[in-house]
Every structure is written in structure tokens, then in C-alpha cells.
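Trainee: Before anything else, here's the structure in question.
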Amino acid sequence: MRTKSTSLALAIFMLGLIGGAKGQATKVAPTAQAEQNLPTPQVLIFDVNETLLDLAPLRASVGKALDGREDLLPLWFVTMLHYSLVETLSGEYHSFGEIGTAALMMVAETKGIELTYDEAKEAIVTPLRSLPPHPDVVAGLKALKDDGYRIVSLTNSSAIGVETQFRNAGLIDLFEKRYSVDSVKKFKPHPETYRFVLDDLGVQPEQVLMVAAHAWDLAGAKNVGLQTAFVARPGKTLYPNVAKPDYVVNDLLALETVLKRSKSRNSAGRERKPIPSTLSGETSMLSQLLEERAAANAARYPEKVSQAYALGIETVRATDIEKSAKQVGDAAIDAHLTGWDGERVKLSELWRDGPIVLMWYRGGWCPYCNLQLRAMQQSMDQIENAGAKLVVLTPELPEKAKETAEANDLEIVALHDKDNEVARKYGLVFQLPEPIIPAYRDKRKLPEYNGNDSMELPLSATYVIDTAGKITFAFLDADYKRRAEPADVIEAVKAAAR
């Protein structure tokens, strides 16, 4: 049986035979696949060679090294890709430049052309580091950056190589970070190359768009769960045996246009469509979605990482926080809070008018929180029809909460629980266990989201509070992967409204 990595490797080899460095540009209409309502990405990852930089200067240098045979450039490129995958699958690693040099020598030998190692290296490395950007690149990147996207690159080239390329091409200041496969010693499209970027940025796959002119690169990114955009550079085609990219564009200016259109459509608000019903037709089974997300995350991370998170959950549970926090029958805590829209509210004034659902949201970096909030948003009609309001509290800074809402197409305004002050009064705050602090601090950027270095979080609690200010429903679980089911919350709201 072929593994996914092996299948992708074979796909890459065949794609190299199809897509050469020379060819007529094929104009396409900028599209979002099937005009689907895609989540607005937070991060754009750009491939470098051919996607951003024009390989045309290599044709002359490679042709000169091969006795004027410029037509052999596609064969050299295919051979280089082929052996980068051979090294990845066999556990070896040489830099892309070293493989490119060796590949050029192999092509020369098959054609009976004498070529030394130094001559091959000079023909590749020097021009490769001085490639010009395609005409649309600088303007397109500036427009995307102005639109608020985080822009990074991911290349099979070396870290030093891509830094030199970007300086020579005038792109160095347009990127937040430059990633190289040097960091993982495997070449794209191996899943670890994309996961390394996700982990370093502290983002989830669905929050990221991979942009490339290579179908094999997009196949690898899609395999990890990223959104994908194909830039139809001359001679580049899609691979029919994998899922189509989410976006297909001619250049980066077209990409900016189609992303702006998609973002505008999302911001305008979509009709709330409940996900498949499993509880008496009222709402979806949120637990199923959470379990699927947990399984996907477990597949992404090494076993020791998953074990560290599991141990963290049990460490928090051992503090008895689930029992010491506010329970059913306790009086709710009143507080003044402000949302990212600037509106200031008092909790008691809200529950005097009818029951409220009080829910804690850890932050936009938490995929389980986003699933829960989206499920609750889809249940808003039932909650409101029962005479209740949904009130969401978060330790996230207001500006971050706003970014989260926009990125996840959420219509709910979260109230800022600064430094977890209200959560602390409800007994929900816990200190992150030491072994997992680096992941939350460095990868999820918790201090940046919350505006402090406390390394504290609240339980993902959900309460229903009646008009007398009494807690009538409480969901408390130290496992952040478990959340209150919307259907259960709705039943609790109905009971509180009687």
C-alpha cells in the first residue's frame, strides 16, 4: 500500500514532466472554488521559486553549461525535484543547491556533455540567488499586506539562499518571516514542512492559505488541511488526481482581488445554516466536531506532544477546579465589561431582562473555542426564541477578539475579561502546567493575545443564569476539548425562562 507521502512523491515527478519552465501564459478567470464561503485566512504562505521569482535567467546559465542546450532546463528541474524526494523518503538531506548541482551533472552525463562540479554549481547557485520577481509580485504583496494579511514564505531553498534572493529581488521587507525546509530536513510536499510553519506561527491549518505555482506544493498543503491558491504562471498546470485548489488566479493582484471579494462576502454575514442535526432537529452534535478536531490535531503532533497536553489536562483536573468553581444554585457574579465594539455592559442588567448564557472563550488561537462559538452562533435563533441572550467573555485583548471574529466569520461580540478578573471570581482560572507553557507562550502567542505574561487561562465554562441572578446550569470540564452541547444549553435556557 502506498503512503500519502509516496503517492505525493510520484505525483511530483509526473508533474515535473508536464510543467516546464517555458510556456505560454494561460489566462484564467480568478475564482474561489465553487464560490464557496471560505473562512478568511489570517496567514498567507508563499512558495518562492516560480511563484514569486522568475526562473528565466536560469535558462541561459543552465543552457550555457550544457553546451547551449537551453531546452534541457525542464529535464534538469525534474531531476532536481525527483532527487529531493528521494532524499526525503530515504532519510537523507542535502541542500536544494547541492541537489540542483548534482542533478545538472547527471543531465550533462546523460547527454555526453563534460561538466565539472564547480561549473555546475556556478551555473545554478549564482543566477538562482539573483532571480527577478514576476511583474505583479511587489504590487500584489503590498496590496495583500495592506489588507491585513500576515505574509510569510516557505521554500525548498536554503535559509541563506532565500534571504539573498529576497534582498536581491527587493522583497525582504514584505515578509514577516521566511521559512526554509532546512529546519526540518525534508522537502516539500512532506507534511512536516507545512506543520513546522503552523506550529511556529501558532495557527490552525484552516486559518492559512498556501499560494504556489506548483500543483505538487498545493497537494501537500491541502493534505495538511491548508487552504490553497494556484497561481497560473506560464507552463504551470493543475494535477487532476487531487482536490482542486480553493482559488485559481493569474497573478498576485488577482489573488488580492478575489480574497477581498471573499472577505467582503464573509463580513456581510452569511445566512446561518445549522450543521447536520443530531439532537431532535435542534442543533448539531458539537461533541462530534470537537472529537474530529482532536483526532486531526493528534495526527499532526508527535506522540510525546500529545502526551504532554493530556498530562496538562489531568494536572488541572487534579486541582479540583471543576468542583471549586461556581456551581448550580450559586449566585452569579456581577461585573461591568466592554466589548471590542466599545459597548460597555453590566451583567446583572442583562439577566434582569431574561436568562443569559455566560460562556468563556479562551481565544482565537484555540480551534475548539472557535468550533463552540460557531455552533452557539448557529443556535442563536433557538436561544433568543427562548428569551435568552448569549454573553461571551474572553481574556483576549479587544483588538485580538475583533480579529478573531472577522477571521472566523463570527457575529458575536466578546466582552473583554481583562486579566481574567471575572473568571477568577467564578473560580475558573488555572495556571498552565509547566511542561506546556512553551507551546502556549511561543507558538500560540498567549501573552500577545492576552496582553500579559501570567500564563493563566479560564476553564471553557458555560453557565445559564436566570433572572434572579442564580446559576441554573453549569458545564465545567478541565479538558478543553469538551464543551457544552448547544442543545443542552437551549434546554437549560427554556427551563430558566419558565
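Every number in this text was worked out from the coordinates using simple rules, so none of it is lab data. Predicted model, so just to flag it, every value in this text is computed and none were measured. All Cβ positions, glycine included, derive from the backbone under ideal geometry; neighbour counts span all protein chains shown.
Trainee: May I ask you to derive the relative contact order of the range 56-130, considering only C-alpha pairs under 8 Å and at least 6 residues apart, and to give it as an integer percent?
Mentor: Relative contact order, the range 56-130: 37 percent.
Trainee: While we're on this one: Where the only charges are on Cβ atoms (+1 Lys, Arg; -1 Asp, Glu), what is the dipole of the range 348-498 about its Cα centre, to the nearest 20 debye?
Mentor: 260
Trainee: List the aspartates and glutamates whose Cα sits under 12 Å from the Cα of residue 323, skipping any in the same chain fewer than 8 residues away.
Mentor: In chain and number order, the partners are 477.
Trainee: Would you be so kind as to identify which of 80, 106, 117 lies farthest towards the positive end of the dipole of the range 56-130, taking Lys and Arg as +1 and Asp and Glu as -1 on Cβ and the Cα centre as origin?
Mentor: 80
Trainee: Determine which lysines satisfy two conditions relative to residue 304: a Cα distance under 22 Å, and not lying fewer than 8 residues away in the same chain.
Mentor: Here the lysines satisfying the reach criterion relative to residue 304 are 185, 186, 443, 445, 481.
Trainee: If you take every DSSP beta bridge fully contained in the chain, what fraction is antiparallel? Give it as a percent rounded to 5.
Mentor: If we restrict to bridges inside the chain, about 45 percent are antiparallel.
Trainee: Hey, quick one: spin label on residue 304, modelled 7 Å out along Cα-Cβ, who in the range 428-448 has an amide N within reach, i.e. under 16 Å?
Mentor: 435-439
Trainee: Let me ask something else. Mind sorting 126, 88, 467 by how few other Cβ atoms lie within 10 Å of their own Cβ, fewest first?
Mentor: So the residues, fewest neighbours to most, are 126, 467, 88.
Trainee: How much net charge surrounds residue 151 when only other residues with a Cβ under 14 Å from its Cβ are counted (Lys, Arg +1; Asp, Glu -1)?
Mentor: -1
Trainee: Treat the count of other C-beta atoms within 10 Å as a stand-in for reagent exposure and order 442, 217, 146, 136 from fewest to most.
Mentor: 146, 442, 136, 217
Trainee: Ranked highest first by the average count of other Cβ atoms within 10 Å around their residues, in what order do 327-337, 425-435 fall?
Mentor: 425-435, 327-337
Trainee: Arrange 164, 319, 79 by Cβ neighbour counts within 10 Å, fewest through most, would you?
Mentor: Lowest count first: 319, 164, 79.
Trainee: Straight-line reach from residue 236: which aspartates and glutamates have Cα under 15 Å away, leaving out those fewer than 8 places along the same chain?
Mentor: 47, 50, 54, 217, 251
Trainee: Determine, for each peptide in 371-378, 198-205, the mean count of other beta carbons within 10 angstrom over its residues, then list the peptides with the highest first.
Mentor: Sorting 371-378, 198-205 by mean packing, highest first, produces 371-378, 198-205.
Trainee: Take the Cβ-Cβ distance between residue 130 and residue 98 as r, set R0 to 25 Å, and report the resulting FRET efficiency rounded to the nearest 0.05.
Mentor: That gives a FRET efficiency of 0.85.
Trainee: Residue 113: net charge of surrounding residues, Cβ under 9 Å, Lys/Arg +1, Asp/Glu -1, itself excluded?
Mentor: Counting the neighbours of residue 113, the net charge comes to -1.
Trainee: Right, next: Quick one: net charge around residue 169, please, counting Lys, Arg +1 and Asp, Glu -1 for every other residue with C-beta under 10 Å from its C-beta.
Mentor: Result for the local shell: +1.
Trainee: Let me check against my output: what whole-number percent is the relative contact order of the range 342-498, with C-alpha pairs under 8 Å and at least 6 apart?
Mentor: For the range 342-498, the relative contact order is 30 percent.
Trainee: Below 8 Å between Cα atoms, with a sequence gap of 6+, how large is the relative contact order for the chain in percent?
Mentor: 16
Trainee: Would you mind checking which residues have amide H under 5 Å from residue 390's amide H? H placed 1.01 Å from N; only 5 or more apart, or other chain.
Mentor: Long-range HN contacts for residue 390: 357.
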